[in-house]
Amino acid sequence: MEYKWIEKDVGALPVKPNLLDYEEVRRSFSWDDVGKNFEGLPSGGLNIAHEAIDRHANGSLKEKLALIWHGKNGERKTYTYEDLKKETNRFANVIKKLGFEKGERIYILSPRVPELYIGVMGILKNRSVMCPLFAQFGPEPILQRMEGGDAKGLLTTEHLYDKKVAGIVDKLPDLKYVLLIDAKEHRDDKILSLPRLMEEASEEFEILPTDPEDMSLLHFTSGTTGKPKGVIHVHKAIYTHWATGYYVLDFHPDDIFWCTADPGWVTGTSYGIIAPWLHGITNVIDEAEFNAQRWFSILQDEKVNVWYTAPTAIRRLMRLDVDPLKDYDLSNLRLIQSVGEPLNPEAVYWGMEKLKLPIHDNWWQTETGGIMIANYISQTIRPGSMGRPLPGIEAAIVEQNDDGTATVITEPGKHGDLALKPGWPSMFRGYLHNEEKYKKSFVDGWYISGDLAYMDKDGYFWFVGRADDIIKTSGHMVGPFEVESALMEHPAVAEVGVIGVPDPVIGQKVKAFVSLKEGYEPTDDLKRELIGFGRKKLGVAVAPKEIEFVDNLPKTRSGKIMRRLLKAQELGLPLGDTSTLEK
Ligand code: ATP
Ligand code: MG
């Protein structure tokens, strides 16, 4: 289905975009040139924390605000780059003194408080590996990830420790220390008060030589398709973070940026922490959870210029039927980007209508470490498309053959595996303790993403679905995204998840689980209306044959619809790993 394109008037933008001529930037791009934006460690090599904090604190950005923090109870705190340098040095001294070494994994289980962000950079300064956990995980998912990543240390709060960690700590014999962010005193010789240790620690710290290939972060995937995987990243990933900050998020020196993702997910670390600081801009953090009024107030009061969020949040705003420009002054907002799930065209138009800005979709994964395919502020949006590959990234649609080779599909519109040419700087360097799975992700010189997509004749990529979610019905291959997007256009529909249900005649039958907007009743008439609506939009072969109304769809805590759970529930099968299920 074709949706109306959104053409850009570049001359009307408040600042000149960093990327103007896509083709030209692609032609002249080199990763080595990106490297020239970094200083390098005085002791040798490349360290994320030096490039994100220290080099700014040592130079003209010393007094600049690096972090504006909003606490959930209305507090507001700010940190300059110099403040962050001192605090992260202290933190690095604390863990160094405790004997934490290079490569050892230190986990963070914390609400979005400043100590989390200080901890991340302090851990990197000590050349240890930072592994973030989502604070709302229960004990079992925490144990699973800490065991899986050989946790040596944990930064957390008293409340989270007592509630979630105390009961599992016996099962973690390698855990050397727990640092409690808000404990006034040490509890014993292993469970320590961070403030006490920070008080005693020096503000000076020298980062030891760091190889760009040294492991920096361990991130667990969202668990949408199965058991979450531990993904290894290295310090050199900042090349991608810098380049995407520049070309996709269009960072300019005076920008105020807000990424709404939690650092428990890769977006919240790569873009909620690293990318904005690499550019020396001001980063906004909100401790609280989604709330429409609060979010618009932050966008207004902090004069946010660039906003990075997710389809799930945008759909929530759409569902609430808000009209933000009536009540808020969002005139500083220049660019909205979205990631994590397919962005329905309806959401792009909603942005145009309600915020006077389109929402720009971009695609990437925990494994890619940074944005790979994007819509750019200066370029036409084809709603429903993820956009075009980042300069420096070669993406293709490929078909895997039985003999272990892969053929690049050049025919526009033909579905296949979305694949990337390996070698970009933030490419994952392994699945922790699963070398075999890592190797299997590469086929005939391509990294196979596990997502299916197609390319149009102008090189725009269109998401079809995850390989696991594809529906085979009456000889057609149907991607859930297309069906979901069509139903989203109906005024009653707030959210849709589409699956294939086994059917003796047609192989699989398309079934849609629909949650309704406020004010709509889940009646049989509405079901029939939706089935008719789907047929008109999609044709009989692709349209859902069955509709079921649900209050909410099962989602990961990062907001992704878990179609595998819809399927398991429908078929009465075991649910599998539900550690990331939003409860
Ligand atoms: P798991 O690998 O454990 O099943 P996951 O794939 O959801 O979980 P992430 O790495 O957080 O874990 O998510 C990446 C996936 O999210 C992509 O492979 C893709 O399926 C989906 N995704 C991200 N951005 C987009 C987008 N713009 N359009 C469509 N899908 C997207
Ligand atoms: Mg995945």
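Just to be sure I understand the filter: pairs with C-beta atoms under 6 Å, separated by 6 or more residues or on different chains, first member in region 456-468 and farther than 28 Å from Arg564 by Cα, second member open to solvent by 30 Å² or more (accessible area, probe 1.4 Å). Which pairs pass?
Asp456/Pro412; Lys457/Pro412
Inspect region 302-310 for any residue being away from ligand 2 (no atom under 16 Å from the Cβ), surrounded by fewer than 20 Cβ atoms within 10 Å (Cβ to Cβ) and under 22 Å from the mean Cα position of the chain (by Cα) and give the result as yes or no. First the steps, then the outcome.
Keep residues of region 302-310 that are away from ligand 2 (no atom under 16 Å from the Cβ), which gives 302-309.
Filter once more, so that each one left must be surrounded by fewer than 20 Cβ atoms within 10 Å (Cβ to Cβ): 302-303.
Next cut, under 22 Å from the mean Cα position of the chain (by Cα) only: none.
No, because not a single residue in region 302-310 is away from ligand 2 (no atom under 16 Å from the Cβ), surrounded by fewer than 20 Cβ atoms within 10 Å (Cβ to Cβ) and under 22 Å from the mean Cα position of the chain (by Cα).
Taking region 501-551, which residues are outside any helix (DSSP H, G or I) and touching a residue at least 40 places away in the same chain (Cβ under 8 Å)?
Quick first cut of region 501-551, residues outside any helix (DSSP H, G or I) only: 501-523, 539-551.
Hits for region 501-551 are Val501, Pro502, Lys511, Phe513, Lys517, Glu518, Ala541, Val542, Ala543, Pro544, Glu546.
Please name all residue pairs, on different chains or six or more residues apart, with Cβ atoms under 8 Å, provided the first residue is in region 391-413 and is at negative phi and the second residue is of a type in the set (Gly, Ala, Ser) and in a loop (DSSP other than H, G, I, E, B).
Final answer for the pair search is Ala406/Gly445.
So which helices (runs of 4 or more DSSP H) stay within region 20-127 end to end and still have 2 or more residues that are in contact (Cβ under 8 Å) with a residue 24 or more places away in the chain, buried (at least 16 other Cβ atoms within 10 Å of the Cβ) and in contact with a strand residue (DSSP E or B) (Cβ under 6 Å, 6 or more places away or on another chain)?
Working: elements: 22-28, 31-35, 81-97, 114-125.
Correct list: 81-97, 114-125.
Restricting attention to region 426-450, report how many residues are closer than 21 Å to Trp31 by Cβ, in contact with a Gly (Cβ under 6 Å, 6 or more places away or on another chain) and not small (Gly, Ala, Ser).
0
Specify the residue that is farthest from Asp150 (Cα to Cα); the eligible residues are those in region 195-228 that are surrounded by fewer than 21 Cβ atoms within 10 Å (Cβ to Cβ) and within 16 Å of ligand 2 (Cβ to nearest atom).
Residue satisfying both the conditions and the ranking: Thr225.
Here is a check on your reading of the model: is Trp364 open to solvent by less than 30 Å² (accessible area, probe 1.4 Å) and within 16 Å of ligand 2 (Cβ to nearest atom)? If you could, list the steps in order and put the result at the bottom.
On the way: open to solvent by less than 30 Å² (accessible area, probe 1.4 Å): yes; within 16 Å of ligand 2 (Cβ to nearest atom): yes.
It is true that Trp364 is open to solvent by less than 30 Å² (accessible area, probe 1.4 Å) and within 16 Å of ligand 2 (Cβ to nearest atom).
Lys560 passes all but one of (1) farther than 21 Å from Pro383 by Cα; (2) open to solvent by 20 Å² or more (accessible area, probe 1.4 Å); (3) within 16 Å of ligand 2 (Cβ to nearest atom); which number fails?
Answer for Lys560: the failing condition is (1).
The values are calculated or read from the model by the stated rules, or taken from the named source; none is laboratory data. Quick caveat, the model's predicted, so the values are computed rather than measured. Glycine gets a Cβ as well: all are built from the backbone with ideal geometry, and neighbour counts include every protein chain shown. These area figures cover heavy atoms from the full protein model, side chains too; ligands, DNA and RNA do not enter into them. Shrake-Rupley method; radii C 1.70, N 1.55, O 1.52, S 1.80 Å.
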